[in-house]
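Below you'll find the structure, written out as structure tokens, and then a few comments.
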Amino acid sequence: MTEQRGDLSVALDSLVAPFDSSEADWQDALRRGGAANRRPLIATLAATLALAAVLAATPFGQAFASNAFDRVTVWIDQLSGSAPFKDEQNALREANARAAAPIPEGTALGLLVSSSLDGVHFDLLGFRDRASLCLRLQSSIGEGGQIMKAPATCVAEQLLVDLGKPLAVVAAADPFPRRAKPGLQALYGFAADGVASVTLTNEAGVHPVPVENNAFLYLYRGEPPSLPRDKLVYQSDVPARATALDANGRVLGTVQIMSLRRGYPGTPGPTKLPGPAVVERPIESPRVGWLDRGEERGDPYEWPQTDGRGEGFPRMRMIQPSPATSMRVLVGRLDGSPSRPEPAYCLTNVWPLSPGPTGFAFAPIGGRSGSITLASATTVFDAQFPVFFGLVADDVDSLRLILKNGATEAIPIVDNVFAFQASGAEAAKLVGYDAEGRVALIRMVGLG
Amino acid sequence: MRTKRSSEGASLSEIEAVYRTRFAELCRVAAAIIGDRDAARDVVQEAFGSVIRHRETFRRRAPLDAWVWRVVINTARDHRSIPRPLTFEHPVHSQNGHAEISAALGAAVAALPERQRLALFLRYFADLDYKAIAETLEIRPGTVAATLNAAHTALRHTLTEARR
């Protein structure tokens with residue numbers, strides 16, 4: 001027997017050669033575990049702040065700095081302001097004071113790009129919300145030249161890095177549903193360092209757009225969406241793709257632009273994307289213990305008394321699940337009623353800067369799903385970076401988002417609540433694990 | 001935040017000690033599971049990232065090594081869940097029939113039931129004793145002996161056939 005084992009040992013040795021311990025990289029493991037040595041980061045931050053101090057004396061247009069480690073520029077909070085933008089800054093502060101999901105106090109606002117079409121002026125503003133980069137378009141497109149502000153659209157920096165593209169289109173059309181001039185559309189987004197211009201391609205041809213301050217804004221004429229036979233149809237010619245070019249005209253990368261008109265890509269099965277495809281430890285009866293016990297976690301949320309929307313709804317608790325965004329998720333438990341006999345967990349979200357929630361999702365208690373519910377939310381019709389949020393059962397210990405290119409992100413769980421962003425152009429896979437690292441749930445994430 | 005489970009947790013220095021002493025064996029077992037040396041290093045790094053993130057949930061009912069092994073094995077299995085044939089490294093040049101023997105043995109290992117395969121990898125590539133294998137695979141030591149015996153019988157038969 002011993003002889004046979006030795007014989008086998010030699011034979012097995014030839015199958016997988018030994019590894020060398022010198023290949024070990026503890027710092028990389030720490031980084032992946034979110035426990036990296038902070039010293040280099042602090043040094044980087046100090047250097048960045050020093051750079052910000054220099055930039056404080058420069059115009060808005062230069063008030064961004066590069067981070068050599070990522071392909072997407074990191075925005076600096078300390079933006080200087082010209083006189084008109086002091087008003088904008090004050091308006092932001094006031095809106096934030098009224099918001100149910102406020103962004104960090106003192107967040108600076110910057111003017112990135114200005115452009116006009118048909119006598120209508122547009123300003124693209126930028127700000128940073130925690131670890132997300134945000135764009136907000138405003139325009140004199142209202143009645144009598146009144147300034148209108150589109151909802152802020154934010155993208156998590158980590159997602160931009162993980163997608164590995166040098167540009168990101170954030171919004172493609174119709175940012176102002178009630179504007180006075182319906183025939184004008186705007187497309188805007190971010191560009192990484194080294195991107196000098198972006199070309200946008202639609203049925204009419206190729207349109208070059210300059211990049212300023214790591215952002216681009218393209219104004220075009222297009223019809224607004226219509227509702228023939230109760231079906232939303234985009235008549236406008238939303239560009240289909242955007243290509244980043246460097247100063248020499250060399251192509252750096254291309255992204256697809258999502259639109260309802262063209263439809264979203266379908267959501268594939270779990271075997272079509274990297275990561276696990278089989279649930280190893282199904283959760284038979286998923287529960288959220290603290291909601292069942294009526295514990296008061298997070299912050300209380302009071303429904304506005306005036307609009308009656310809170311009538312009949314349960315008491316909600318407000319959780320901030322992601323360190324990347326100020327978005328809050330409201331969760332509660334609804335006991336059975338004559339109209340809804342099954343008790344249910346319910347949840348909705350509140351956008352940063354928004355005064356209250358929109359929409360509502362219910363998940364009957366007692367279903368057979370490890371992820372009790374997964375809802376998507378977005379501020380615009382043509383969602384380029386939809387936000388997903390939801391509840392997981394007590395037995396789910398951790399979540400991982402796996403992108404098509406194999407990049408993975410750990411998705412934090414706070415009081416059973418999670419939230420993350422994904423690209424509308426690519427499906428992703430959300431995997432939940434139990435405390436022993438076994439796969440407890442798999443959800444394909446996409447809008448198609 | 002979530003309610004913390006009652007546990008003692010593992011310190012970063014304890015995890016680092018396991019990492020530094022076990023790195024080569026962990027990579028080898030991961031490579032055996034997924035059939036890809038480069039991916040195996042990444043799997044081990046990713047598994048340690050997970051161990052670090054969840055170090056507070058570690059309960060000292062079994063050694064830290066066993067917990068780390070489980071996480072590495074599960075991470076490797078996740079990686080392998082994309083359907084593809086299990087492959088091993090084979091010598092490029094065949095000398096005295098060694099390549100054919102390796103190929104036959106590789107196929108025989110791939111055909112073993114998963115528990116037998118894992119026990120075999122932990123025994124031969126990580127040099128774990130029966131107790132450590134039992135703790136890693138969460139089975140009894142007696143079951144380890146029976147499992148390895150079944151694997152030996154199957155592979156011995158393959159080796160004998162290949163040498164004829």
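Summary of computed values
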{"read-out": "Unmet requirement for B:R55, which otherwise passes all of (1) at pLDDT 80 or above; (2) crowded, with 20+ Cβ neighbours inside 10 Å; (3) within 9 Å of another protein chain (Cβ to nearest Cβ)", "value": "(2)"}
{"read-out": "Hits in the range A:137-167 (condition: in a strand (DSSP E or B) and either surrounded by fewer than 23 Cβ atoms within 10 Å (Cβ to Cβ) or touching an Asp or Glu at 6+ places or on another chain (Cβ under 8 Å) (or both))", "value": "A:L137, A:Q138, A:S139, A:M148, A:K149, A:C154"}
{"read-out": "Options A:G106, A:G119; residue that is surrounded by fewer than 21 Cβ atoms within 10 Å (Cβ to Cβ), among the small types (G, A, S) and at pLDDT below 85", "value": "A:G106"}
{"read-out": "Single residue of B:A66, B:A39 found to be modelled with pLDDT of 85 or more, open to solvent by less than 50 Å² (accessible area, probe 1.4 Å) and either in a helix (DSSP H, G or I) or within 9 Å of another protein chain (Cβ to nearest Cβ) (or both)", "value": "B:A66"}
{"read-out": "Complete set of residues in the range A:391-420 that are closer than 17 Å to A:D434 by Cβ and more than 9 Å from every other protein chain (Cβ to nearest Cβ)", "value": "A:L391, A:V392, A:A393, A:D395, A:V396, A:L399, A:I411, A:P412, A:F418"}
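The values are calculated or read from the model by the stated rules, or taken from the named source; none is laboratory data. Keep in mind that this is a model prediction, so the values were computed, not measured. Every residue, glycine among them, receives a Cβ derived from its backbone with ideal geometry; neighbour counts consider all protein chains shown. Side chains are part of the model used for accessible areas, which takes the heavy atoms of the whole protein and leaves out ligands, DNA and RNA. Shrake-Rupley method; radii C 1.70, N 1.55, O 1.52, S 1.80 Å.
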